[in-house]
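Chemist: Can you read through this structure? Questions will come right after.
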Protein chains: 2
Amino acid sequence: MKKKNTLTIYDLARELNYSTSTISRALKNHKSISKKTAQLIQRAAEERGYRPNSLAASLRSNNSKTIGVSISNISRPFVSDMISGIETSAREKGYNVIISQSHDSYDNEVSNAKALYDSRVCGIIASLSMQTENTDHFNQFKDQGIPVVFVDRVPNNFQSYHVIIDNYTSAYIATEHLIEQGCKRIAHFAGSQHLNVYSQRKKGFIEALKHHDLEIDERLIVDMKTLSFEEGAQVTAELFKLNNPPDGIFSSNDTAAVSAILYLKKQGIRIPDDVAVIGFNDDPISSIVEPALSTIYHPAQKMGELSTRRILEHLEKEDGMHTTEISVLETHVISRASSVRKKST
Amino acid sequence: MKKKNTLTIYDLARELNYSTSTISRALKNHKSISKKTAQLIQRAAEERGYRPNSLAASLRSNNSKTIGVSISNISRPFVSDMISGIETSAREKGYNVIISQSHDSYDNEVSNAKALYDSRVCGIIASLSMQTENTDHFNQFKDQGIPVVFVDRVPNNFQSYHVIIDNYTSAYIATEHLIEQGCKRIAHFAGSQHLNVYSQRKKGFIEALKHHDLEIDERLIVDMKTLSFEEGAQVTAELFKLNNPPDGIFSSNDTAAVSAILYLKKQGIRIPDDVAVIGFNDDPISSIVEPALSTIYHPAQKMGELSTRRILEHLEKEDGMHTTEISVLETHVISRASSVRKKST
DNA sequence: TCACTTTACACAACCGATTGCTTAATTTTT
DNA sequence: AAAAATTAAGCAATCGGTTGTGTAAAGTGA
């Protein structure tokens, strides 16, 4: 309702008979101000309800204390967990977090990057959209010495920080897990192959088969567009029209895996006895579906926290060198009923 | 790597022989600049890679074009959907969104509110933490004419915008739905009663029972702290130790409801025949559990979009009057297998 | 006691736009 | 053709802090 009763350090300076520089420094406990004066000023500021204007501070000091986040869609459990980690660890250090969703559109990602740049974020954490094949729009940050952390969905050739899991190995152990359960013909739900999270998973899958001398049947490897619930059921239906259907499914995400389970059950196919299934991510639905979905643990929250840490560490460095540092977090198989067959000795 | 090759309107002014005011106005197509000059300047800015500094603009124009969001935890599906709605509609209009999680702690909520205020957000969208009973920390916004929108978890007596659903009626129709399926002894998983989303749901529940002349057994109404998965199973276990256990459950959220279903199934109790269950929210897990959970549709995304709209509308208003405007969005029963009994005629 | 540090604070430029007020040049009106 | 109105652009203050430099006062040492 009221306008402009915001008081500034100028007001405080006048009232307390100090210069604005003294006020400013006193409020941050700068060493050049005596403790007595600092206390006096801080108390007065508190009493009068002084609130600093971060915009002014950011402008002058060229430090917005803000981290920009560029992701596909917050609604995905993996993404929201990751952002939760980013926000929590950022706020702890006094940083704000601005989010931007690409909704998996390249154009959105580009314009969001501009907006974040204009807001002078002092670091950016990004997970590429499905469409993105060119990452030039992140160069503007690097050029200005602003740290860029790519997380999970990372580009192939961009010198910056990366926070990832080992998708190749994760897929390998997931596949091996199915093989250990006796699967001989394993299908793979692959994602868009230009995103290396998915291409690496496919590679890991294939390597595991090779290593265990299993036949690689191209018909069982399906490149899916969105790995959605609908696509999962549809692809499963196709697979089970084959003369020689699979006895195991390794899906690149949980959504499609759960969809497959529900579809197969409806068809009277038994899980895990006829078909063993393993997903990827450990979304909430995976522990609810019956039989519960085995999956790969994906440390979303931790990846978010680590990404924030990378940004903050970079900002503390003197040289501001933009090094390439790749952090690979641990994953493991979460073994649930959808894949575990009773030992038949 | 490089530092300070950021060019400003001063640089453009010098190079193009115009004043900074002309540059500034030309870039925004201000009417007092001829189309020719404007084009010239815009083209030059484009070529040289000029990027505006939003911080400076925000400071001077006293408009940060940023919306602050205060919620409990992004990881909850309802919350992330809502934020997705907020972000999408905000960015469409050129606004940034800063998020802050309270993790259901009052103290966090208070300090987050300060941080958002200091960042000079030009509007705030908040959903209260579980702990919050006092909302004085939102007065600072109102006092400065900054619009406040409370969404979903709203306070009782705070003059501002509210975006809610009719929890009372939603609970009423959920309960009635169970009654229609033949339930006579319905249990209710209630949440923290100082949050009116939960107290209203309890009221709606009770009224529905009264209206249908069903006995109200206090032992069947459980005030839960977090409505978590663990708590859901535990409370269900207690309820079914009663001599006279319930034949229906209306849970204030889906998590606890799903937990109840899984627990009951394990006990050999049939859903919906022995016990019909309905939840609240329509989280993803509710359509995955078997039998699929009936629930109340909760328009999370729309609530987010509408909240943003309220902020933007307020900012466009001349007077800036901080009116109390309550928007109530529609809900409905989503009827699934967990509650629908075959007609036995 | 005098030169030398330290301490405590003030001065004033600065960050990069925005904007009310002027002014000069053009166009329109009479 | 002179006066009035319009158009196009410049001047300079301003938003609210931050920070390098300067300086008087107080403290230290020989």
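The values are calculated or read from the model by the stated rules, or taken from the named source; none is laboratory data. Keep in mind that this is a model prediction, so the values were computed, not measured. Using ideal geometry, Cβ is built from the backbone for each residue, glycine included, and neighbour counts are taken over all protein chains shown. The area values use the complete protein model at the heavy-atom level, side chains included, leaving out ligands, DNA and RNA. Shrake-Rupley method; radii C 1.70, N 1.55, O 1.52, S 1.80 Å.
Chemist: Which of the aspartates and glutamates could a cross-linker span from B:LYS203 if the Cα-Cα distance has to be under 18 Å and same-chain partners fewer than 8 positions apart are dropped?
Modeler: B:ASP152, B:ASP166, B:GLU176, B:ASP213, B:GLU215, B:ASP217, B:GLU218, B:ASP223
Chemist: Can you compute the label reach from A:GLN267? Point 7 Å from Cα along the Cβ direction, backbone N cut-off under 15 Å, restricted to the stretch A:157-198.
Modeler: Only A:185-189 pass the distance filter.
Chemist: Taking the axis about which chain A rotates onto chain B, which residue of A lies nearest it as judged by Cβ position, and how many whole Å separate them?
Modeler: Here the value is A:SER80, 2.
Chemist: How many nm separate the modelled label positions at B:ILE326 and B:ASN62, each set 7 Å beyond the Cα in the direction of the Cβ?
Modeler: 3.3 nm
Chemist: Something else about it: Mind jotting down the distance between the C-alpha centroids of the stretch B:194-234 and the stretch B:294-316, whole Å?
Modeler: Using only Cα atoms to place each centre, the spacing works out to 26 Å.
Chemist: Something else: Counting pairwise Cα distances across the stretch B:1-108, what percent come out greater than 18 angstrom?
Modeler: So the pairs more than 18 Å apart make up 63 percent of the total in the stretch B:1-108.
Chemist: Can you give the three extents of the C-alpha atoms in the stretch B:9-52 along their principal axes, from longest to shortest, in whole Å?
Modeler: 23, 17, 16
Chemist: Once you have a ≥ b ≥ c as the square roots of the Cα gyration tensor eigenvalues for the protein assembly as shown, tell me rounded if a/c is under 1.5, and otherwise prolate or oblate according to whether a/b is larger than b/c. Walk me through the numbers on the way to the answer.
Modeler: Numbers: a/c = 2.20, a/b = 1.33, b/c = 1.65.
Oblate, since a/c reaches 1.5 and b/c is not below a/b.
Chemist: Which FRET efficiency value, to the nearest 0.05, is calculated for B:LEU7 and B:GLU207 with the Förster distance at 45 angstrom and r the Cβ-Cβ distance?
Modeler: 0.10
Chemist: Label position 7 Å from Cα toward Cβ: report the copy-to-copy distances for B:LYS93 in nm, one decimal, ordered from shortest.
Modeler: So the label point of B:LYS93 gives 3.3 nm to the other copies.
Chemist: Same structure again: Between B:GLU215 and the same site in the other copies, what are the distances in nm, shortest first, taking label points 7 Å from Cα along the C-beta direction?
Modeler: 6.6
Chemist: Which distances, shortest first and in nm, link A:LYS203 to the matching position in the other copies, using label points set 7 Å out along Cα to C-beta?
Modeler: Spelled out, the distances from A:LYS203's label point are 6.1 nm.
Chemist: On to the next question. Give me the inter-chain shielding for B:261-268: mean count of other chain Cβ atoms within 10 Å, whole number please.
Modeler: 1
Chemist: Can you give the local net charge around A:GLU87? Use residues other than it whose beta-carbon is closer than 15 angstrom to its beta-carbon, Lys and Arg +1, Asp and Glu -1.
Modeler: Residues close to A:GLU87 contribute a combined charge of 0.
Chemist: Just the number, please: Stokes-Einstein D of chain A in µm²/s, Kirkwood Rh from C-alpha pairs, 20 °C, 1.002 mPa s.
Modeler: 94 µm²/s
Chemist: Of A:LYS342/B:LYS266; A:LYS31/A:LYS302; B:LYS210/B:LYS241; A:LYS31/A:LYS114; A:LYS142/B:LYS93; A:LYS114/A:LYS225, which sit over 29 Å apart, Cα to Cα?
Modeler: A:LYS31/A:LYS302; A:LYS31/A:LYS114
Chemist: Is the C-alpha gyration tensor of the stretch B:214-269 telling us rounded, prolate or oblate? Criteria: a/c under 1.5 is rounded; beyond that, a/b larger than b/c is prolate, otherwise oblate.
Modeler: In terms of gyration-tensor shape, oblate.
Chemist: Where does the protein assembly as shown land at 222 nm, in deg cm²/dmol rounded to the nearest 500, when only DSSP H runs of n ≥ 4 count, each adding -39500 (n - 2.57), divided by all residues?
Modeler: -13000 deg cm²/dmol
Chemist: Interface size between chain B and chain A, please: total buried accessible area, 1.4 Å probe, rounded to the nearest 100 Å².
Modeler: 4900 Å²
Chemist: For chain A, modelled as a Gaussian network with Cα springs under 10 Å, which listed residue fluctuates most, A:SER58, A:SER129, A:SER192?
Modeler: Answer for the Gaussian network model of chain A: A:SER58.
Chemist: Check each of the trypsin sites (Lys or Arg not before Pro) in the stretch B:201-259 and keep only those in coil by DSSP with at most 15 other C-beta atoms within 10 angstrom; list them in order.
Modeler: B:LYS225, B:LYS241
Chemist: Cross-link partners among lysines for A:LYS36, C-alpha distance below 19 Å, same-chain residues fewer than 8 apart left out?
Modeler: A:LYS28
Chemist: Can you give me the P(r) profile for the stretch B:167-298? Cα pairs, bins 10 angstrom wide beginning at 0, each as a whole percent.
Modeler: 14, 52, 32, 2
Chemist: Given R₀ = 51 Å, FRET efficiency for A:VAL340-B:ASP118 by Cβ-Cβ distance, to 0.05?
Modeler: About 0.45, to the nearest 0.05.
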